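The values are calculated or read from the model by the stated rules, or taken from the named source; none is laboratory data. Here the structure is a predicted model, which is why all the values come from computation and not from measurement. Note that we place each Cβ from the backbone using ideal geometry, even for glycine, and neighbour counts take in every protein chain shown.
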Amino acid sequence: KVRITIDGIPVEVPANYTVLQAAKYANIDIPTLCYLKEINEIGACRLCVVEIKGVRNLQTSCVYPVSDGMEIYTNTPRVREARKSNLELILSAHDRSCLTCVRSGNCELQDLSRKFGIDEIRFMGENIKYQKDESSPSIVRDPNKCVLCRRCVATCNNVQNVFAIGMVNRGFKTIVAPSFGRGLNESPCISCGQCIEACPVGAIYEKDHTKMVYDALLDEKKYVVAQTAPAVRVALGEEFGMPYGSIVTGKMVSALKRLGFDKVFDTDFAADLTIIEEGNELLKRLNEGGKLPMITSCSPGWINYCERYYPEFIDNLSTCKSPHMMMGAIIKSYFAEKEGIDPKDIFVVSIMPCTAKKGEIDRPQMIVDGMKDVDAVLTTRELARMIKQSGIDFVSLPDSEYDNPLGESSGAAVIFGATGGVMEAALRTVADIVEGRDIENFEYEEVRGLEGIKEAKIDIGGKEIKIAVANGTGNAKKLLDKIKNGEAEYHFIEVMGCPGGCIMGGGQPIHNPNEKDLVRESRLKAIYEADKDLPIRKSHKNPMITKLYEEFLTSPLGEKSHHLLHTTYSK
Ligand code: HC1
């Protein structure tokens, strides 16, 4: 520990702290823009400058280490003037069309400008006009809004290990972009959207599908069906000022009905269906000598990563489509048949915490009988925007139930939204099938929590099953490298593309990323509470799933399942 003073207040802090950490500890607020805890600590924006006694120049507190006896001043006229000038310099080169910006009202730069009382900008920046990059099916890049903080670059490279974007050109011409002037679609981008969550401004955002959905809702010939992902229900409320991790399932269903959807189904139903198909696929591979370890396939960011970086593991991927794609296929076959609707008139909208799902719906391998399973994907943020635009008072909405026959689901399906959830859901079912009984002890604590990689050995019917769970593609890389190097062996692996799983997907409400830990833990807790609240907590106990097999699919991994619910990948 070292003893220091900050603005005259004596504090004792660990010797490895930076000045910024020490100030936070002393409840003194220092503004930051480029700083992203443990991910991007580079002192680039210079908004966090402080005065240190005996040191001539102002120092960036996010990278300056404390030392014993240090006297720090965070609020002198010199500090205030320097921060204001630095902010004005950033603003001078920024496209300040805030009124039409997707992040207006939730922009760190806007907040800082207000906080610093910026009423004029004294500098003339080099305002080069760049074209937006709209080449990706999921993500739009607008270099005019970029403040060069590098938070997206550090997240893409250091957290996700994707290396899709970097700093290109020099001086005033510097921008964040894929290399060689390429569009995101030609880069290794996996569409996970973690860059969006890291961006302090509106320089990266999801591709808009709201217009397409409004058009479908207005089209009298279209039968418009919504389905909602597990993780949306524990985050949507945040867009309306509700506490992190509020469970708003019933209000969300009410809002979708008010928006005019003909039916509101639950992707969780299809998560249960996925467990039946994937559980049986695992047992088949274990018993008949198929490719192991089997790796889950529900996260399209992860699938993109595997195809681009680890094609040698493609045969390890489960052939199951992700739950929302299975749901689309079932809506356009089973449900259409039952209701006597021409599937070509059905428009399926997935409400997802994910940006990669926007690209997943266009995969040619997913087309069934010439039709897309899902027609549009709205992120949690886009749905919130539609609700606000429609004048719906979300917080005071009553709860509504999902429609049936595709609205009933188990607790096992809800936990899909958190890292380890798909694994636990699969174990709940596979163990029951193998042991031929209703196992009471079905909460697998070993696979819960936010550790980047979790490993366990589970006894199922006297056989030891080695499992692993990775969240975030950076962790998936570490796990796959271990397997490749012969350092580890598993039977079954869950990979989710985003750190924390879908609860932290690239389509979720954006908060200051330095509050990420609290957000993640709150949503995680909510997911397991939602599981506990449900009367049925194992996928194979969902009566609507049993009915679906009886009335339509006949058997897991059967002919119809293969046609509708399974897919292939590109090497
Ligand atoms: Fe997910 Fe999934 S859990 S991938 O994280 O398997 O996006 O929530 O919808 O499809 O069910 C996301 C979440 C989601 C699918 C399911």
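Within the range 456-513, being more than 14 Å from the ligand (Cβ to nearest atom), within 20 Å of Leu36 (Cα to Cα) and either β-branched (Val, Ile, Thr) or without any contact (Cβ under 8 Å) to a residue 40 or more places away in the chain (or both) holds for Asn475, Ile510.
If you check every pair at least six apart or on different chains, which have Cβ atoms under 8 Å apart with a residue in the range 544-564 that is in contact (Cβ under 8 Å) with a residue 40 or more places away in the chain first and a residue that is β-branched (Val, Ile, Thr) and part of a helix (DSSP H, G or I) second? Final answer for the pair search is Ile545/Ile276; Leu548/Ile330; Tyr549/Ile276; Pro556/Ile276; Leu564/Ile330. Give the range 127-152 a look and list any residue that's touching a Pro at 6+ places or on another chain (Cβ under 7 Å) and surrounded by fewer than 19 Cβ atoms within 10 Å (Cβ to Cβ), or say none. Of everything in the range 127-152, just one residue is touching a Pro at 6+ places or on another chain (Cβ under 7 Å) and surrounded by fewer than 19 Cβ atoms within 10 Å (Cβ to Cβ), namely Tyr130. If you go through the range 378-401 and keep only what is in contact with a Leu (Cβ under 8 Å, 6 or more places away or on another chain) and part of a loop (DSSP other than H, G, I, E, B), you end up with Ser390, Ile392. Close Cβ contacts (under 7 Å, 6 or more residues apart or on different chains) running from residues in the range 324-336 that are under 19 Å from Ala356 (Cβ atoms) to residues that are part of a helix (DSSP H, G or I) and more than 8 Å from the ligand (Cβ to nearest atom) comprise Met325/Glu360; Met325/Met366; Met326/Leu273; Met326/Leu565; Met327/Phe269; Ala329/Leu564; Ala329/Leu565.
Of all the numbered requirements in (1) near the ligand (Cβ under 10 Å from one of its atoms); (2) within 20 Å of the chain's Cα centre (by Cα), Arg308 misses one, and that requirement is (1). Residue check: is Lys532 under 18 Å from Gly407 (Cβ atoms) and not aliphatic (A, V, I, L, M)? So Lys532 fails the test. Pairs meeting the criteria (first residue in the range 514-525 and closer than 9 Å to Tyr244 by Cα, second residue part of a helix (DSSP H, G or I), beta carbons under 7 Å, at least 6 apart or on different chains) are Arg520/Ile503; Arg520/Met504; Arg523/Val234; Arg523/Ile503. Counted as qualifying within the range 1-107 are the strands (runs of 3 or more DSSP E) with 1 or more residues that are of a type in the set (Lys, Arg) and at negative phi, namely 2-6. Consider Glu489 against the criteria (1) crowded, with 24+ Cβ neighbours inside 10 Å; (2) part of a loop (DSSP other than H, G, I, E, B): it satisfies all of them except one. Which criterion is unmet? Glu489 satisfies all of (1) crowded, with 24+ Cβ neighbours inside 10 Å; (2) part of a loop (DSSP other than H, G, I, E, B) except (1).
Got at least one residue in the range 392-414 being among the hydroxyl-bearing types (Ser, Thr, Tyr), surrounded by 24 or more Cβ atoms within 10 Å (Cβ to Cβ) and either modelled with pLDDT under 95 or farther than 29 Å from Val102 by Cβ (or both)? Yes, there is a match, as at least one residue in the range 392-414 is among the hydroxyl-bearing types (Ser, Thr, Tyr), surrounded by 24 or more Cβ atoms within 10 Å (Cβ to Cβ) and either modelled with pLDDT under 95 or farther than 29 Å from Val102 by Cβ (or both).
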